[in-house]
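Comments concern the structure below.
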Amino acid sequence: METPPVLQWRKFEFFSIVEEADNGVLASLLKPGHAITAACSGRGLILVGDSGGFVHSVARALHSPVPSFPAHDAPVSWMWAADAASVLVTMAHPASGGTELKVWAPDKLQADQPVLLRLLRPDPRPPSRSGAPQPPSSTVTAAAVHPNLNMLALGFSCGAIMLYRGELGGVGCLRRMFGFLLRTFGFLLRMLGFLLRMFGFLRVLVEDVWVPQGSC
């Protein structure tokens, strides 16, 4: 009887760790007491958000082409940047509750700050009726943006999913297409990557079945 082969773990080094590779550029941008809470990359830039609500940028040449600017009054919890367009999406959870999403144009500066294209405060709760109690507000725990910038999917702590359709980086109307509640799963939505692979199906579903709700 042959002895089964012994499995051995192998160690591979995929990255070479270089400390202070940016020569302290990023550390100089952060204010004292602020820590990095979110990061993303796009169009040759590394963008980071900190606990003070500020957004900073570092280019490949290790300089900051976009001035640091205050994006939110709360820590930046999530960021996304497009590769083919000047679009940056940031998210924060204000102390007043709920979630705040902002869409910026990093290449368009106004008063040393990127132009704010959109401001969203998504709420999955149905419209309140007179005298009817409203459930507590939910916060966004997951988000996904289609590479074409025409769809935005949000997952909430209550298990709801909300889908917006429109030109995210434009001035046109961004419509809430539908929202639904995943009651059978019983856990917080934290990843919406699967929606990116389903956007083709969702687009057909929205056009053929669902009627747009809400307005800009």
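Key figures
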item	result
Verdict on Lys108 being closer than 30 Å to Tyr164 by Cα, among the charged types (D, E, K, R) and either open to solvent by 90 Å² or more (accessible area, probe 1.4 Å) or under 23 Å from the mean Cα position of the chain (by Cα) (or both)	yes
Failed item in (1) farther than 21 Å from Gly52 by Cα; (2) touching a residue at least 60 places away in the same chain (Cβ under 8 Å), with Pro122 passing the rest	(2)
Residue list for region 82-105, restricted to those being hydroxyl-bearing (Ser, Thr, Tyr) and either at pLDDT below 90 or surrounded by fewer than 21 Cβ atoms within 10 Å (Cβ to Cβ) (or both)	Ser86, Ser96
Residue, most open to solvent (accessible area, probe 1.4 Å), within region 122-154, restricted to residues that are touching a Lys or Arg at 6+ places or on another chain (Cβ under 7 Å) and outside any loop (DSSP other than H, G, I, E, B)	Thr141
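Quick grid of which residues meet (1) among the aliphatic types (A, V, I, L, M); (2) exposed (fewer than 11 other Cβ atoms within 10 Å of the Cβ); (3) touching a strand residue (DSSP E or B) at 6+ places or on another chain (Cβ under 7 Å); (4) over 21 Å from Ser57 (Cβ atoms):
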position	(1), (2), (3), (4)
Thr3	no, yes, no, yes
Leu7	yes, yes, no, yes
Lys11	no, yes, no, yes
Phe14	no, yes, no, yes
Ile17	yes, yes, no, yes
Gly24	no, yes, no, no
Leu30	yes, no, yes, no
Ala39	yes, no, yes, no
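The values are calculated or read from the model by the stated rules, or taken from the named source; none is laboratory data. A quick note: this is a predicted structure, and the numbers were derived from the prediction, not measured. Here the Cβ is made from the backbone with ideal geometry for all residues, glycine too, and neighbour counts use every protein chain on show. Accessible surface is based on the protein model in full, side chains and every heavy atom, while ligands, DNA and RNA are left aside. Shrake-Rupley method; radii C 1.70, N 1.55, O 1.52, S 1.80 Å.
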